[in-house]
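K.L.:
Right, I'll just put the structure down here and ask away after.
Rule-based calculations on the coordinates, nothing more; no lab input. Values in this document were obtained by computation on a predicted structure and should not be read as measured data. Glycine gets a Cβ as well: all are built from the backbone with ideal geometry, and neighbour counts include every protein chain shown.
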Amino acid sequence: MGKTYYIAAIELSSSKISGAVGVETFEGIKILATASMPVNGFITKGVVRNVDETSKAITGIINVLEHNLGDKYKVSIKRAYTSLAGLSLHSVKSKVTKGFEDYTRISSGIIDELADENDKTFQCPAGYARVRTIHQEYKLDGKIENNPVGASARIIEGNYLNLIIKEQYLKQMKESFAEAELDIEDSFSAARIDGDTLLDKDMQRNGCALVNIGADTTTISIYTKGTLRMLNVLPLGCSNITKDLCAEHISYDEAEEILITRGYKPSGNETAAIVDSAITNSIIYARMSEILQNVKFRIEESGEHVHHIIFTGGGSKLKNLDLMLKELLPNFKTEIISEPQFNLISDSGVNVSGVTATLYGLLRQGKVNCCEEEVKTTPVITEQAMFANDELDFQEEKTQEEQEPEISREEKKRLEREERERQKEEERVRKEAIRAQKQKEKEERKKNKKPNPVVSLFRDWFENATGEEENENDND
């Protein structure tokens, strides 16, 4: 039997921190343990505000997960996949162009060179860091080509979507995991994870927007031609509605209950309620209208052809939201979905009701084992000790034998930790060597290549034209 790979995922959001451990099976991801705890202000608008409190919460989640895994699995969680979200997360488009002296067959190496050039030349706004680059499409001699490898062209243009986030927010998130002594194996945009989890290929190809109405923010992701085209986060969420209801002397718990059980009541459909239904109805309608109008504006502003809008997140649970969508977004096909679009299975007795699409999607992305099995050594009792008449000697020998495995386990953990660090360093050195070799070969090719006066004149003209266009865009 092969080694079991356990995937661990942690999702940080404004309302709660959630965690799960699962394994991949032929039927899908099997969830073995889950845990969650509420966030009391130390994460707002998807951003870690208090590193100490967040790290304590992450530690608490890991402890609960390991406890729930119990003696059945006997593993300890060492690393996890996590999501990136928050108000500053958004997308920025970029493009890279490469010309040739004559018609050239496009190879995967040329595609890699374009991606490397984008990595080098893309400039993040001050205070931001790029967290992911998504290939859009390519243009060969001005014509769009999604699969350029093997085709011939004199000019190729690569288009990219760069996801960026404020450096300080990213630093605070990483520090929270570091203080909890949990390694981040990889991080993914929560919006993109939700898209892969909730949208099928036809939806992404035909043009749709996925709108996640969270507690403090609303995230808009636009998909066309099978890929993510735009990501934007609004500073509005369902907590704004709750706060407005609380301002009318309604308790927080009652306000939450109103949103889920009563929600929006269309005119002519009023019923008796604990508080004035007209007031609560106007508050819900005003705030949700504000969110939906902003969503509509961002979609239209993107310039992408979107006909279908899918709503998810905690705010999508507002009762009768579908009626508001028909009223406020009449030109779009609207839909509310919250369940993952693939099989969800779990161990017996595991509560999966709190597993979000983001958390489940993170488990699905996992490719590296995140847990280490706890190796327990059984003390060996010698024949001499077994038949010794001196009970005191027997107890002392047994005690000594029980202590030795404890020491060996600590030593083993230390050696394993050093081995992992050594492997990471070797991998880093290897990648640096490959990168240096590629750069050296590239410089040698440039050095040995004889310039063609006509091509050089064309290249200078093209670069000047491109620079003027970019300057005009910057001025706009």
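K.L.:
Rounded to the nearest 20 debye, what is the charge dipole size of segment 201-336 about its Cα centre when +1 sits on each Lys and Arg Cβ and -1 on each Asp and Glu Cβ? The partial results should precede the final answer.
P.N.:
Numbers: 14 positive and 17 negative charges, 138 e Å.
It comes to approximately 660 debye.
K.L.:
Which pairs in the list 16/78; 93/225; 72/317; 201/296; 171/440; 3/438 are over 27 Å apart, alpha-carbon to alpha-carbon? Walk me through the intermediate numbers first.
P.N.:
Details: 16/78 21 Å; 93/225 16 Å; 72/317 36 Å; 201/296 23 Å; 171/440 33 Å; 3/438 36 Å.
Too far apart for the 27 Å limit: 72/317; 171/440; 3/438.
K.L.:
If you don't mind, there's one more thing I want to ask. Using a Förster distance of 35 Å, how high is the FRET efficiency between residue 206 and residue 183, based on the Cβ-Cβ distance and rounded to 0.05? The partial results should precede the final answer.
P.N.:
Numbers: r = 39 Å, r/R0 = 1.12.
Approximately 0.35, to the nearest 0.05.
K.L.:
Hey, another quick one. Among 308-315, 132-139, what's the highest-first ranking by average C-beta atoms within 10 angstrom per residue?
P.N.:
Working: 308-315: 23.0, 132-139: 17.4.
The packing order, highest mean first, is 308-315, 132-139.
K.L.:
On to the next question. If a paramagnetic tag sat 7 Å from the Cα of residue 154 along the Cα-Cβ line, which residues of segment 95-115 would have the backbone N under 15 Å from that point?
P.N.:
98-105
K.L.:
Using 0.36 nm per residue, how much length does the chain from residue 119 to residue 435 gain when fully extended, once their Cα-Cα distance is taken away?
P.N.:
Numbers: separation 316, 0.36 × 316 = 113.76 nm, distance 1.30 nm.
The span from residue 119 to residue 435 would gain 112.5 nm if fully extended.
K.L.:
Considering the dipole of segment 201-336 built from charges on the beta carbon (Lys and Arg +1, Asp and Glu -1) around the Cα centre, which of 299, 328, 311 is farthest to its positive end?
P.N.:
In segment 201-336, that residue is 299.
K.L.:
Further question: Any idea how far the Cα center of segment 10-50 sits from the one of segment 177-227, in Å?
P.N.:
14
K.L.:
A further question on this structure: Using only Cα atoms, what is the ratio of the radius of gyration of segment 201-336 to 2.2 N^0.38 Å?
P.N.:
Numbers: Rg = 15.5 Å, N = 136, 2.2 N^0.38 = 14.2 Å.
So the Cα radius of gyration is 1.09 times the expected 2.2 N^0.38 Å.
K.L.:
Give the residue from 28, 38, 69 lying farthest towards the positive end of the charge dipole for segment 24-83; charges sit on Cβ (+1 for Lys and Arg, -1 for Asp and Glu) and the dipole is referred to the Cα centre.
P.N.:
38
K.L.:
When the chain is fully extended, how far beyond the present Cα-Cα distance does residue 40 get from residue 418, taking 0.36 nm per residue of separation?
P.N.:
Values: separation 378, 0.36 × 378 = 136.08 nm, distance 3.71 nm.
Extra length from residue 40 to residue 418 when fully extended: 132.4 nm.
K.L.:
Moving to a separate point now. What does the extension gain come out to for residue 147 and residue 351, with contour length at 0.36 nm per residue minus their alpha carbon separation?
P.N.:
Numbers: separation 204, 0.36 × 204 = 73.44 nm, distance 4.34 nm.
Stretched out fully, the residue 147 to residue 351 stretch lengthens by 69.1 nm.
K.L.:
In addition: Using a Förster radius of 56 Å, what is the FRET efficiency between residue 323 and residue 67 based on their Cβ-Cβ separation? Nearest 0.05, please.
P.N.:
On the way: r = 44 Å, r/R0 = 0.78.
Once rounded, the FRET efficiency stands at 0.80.
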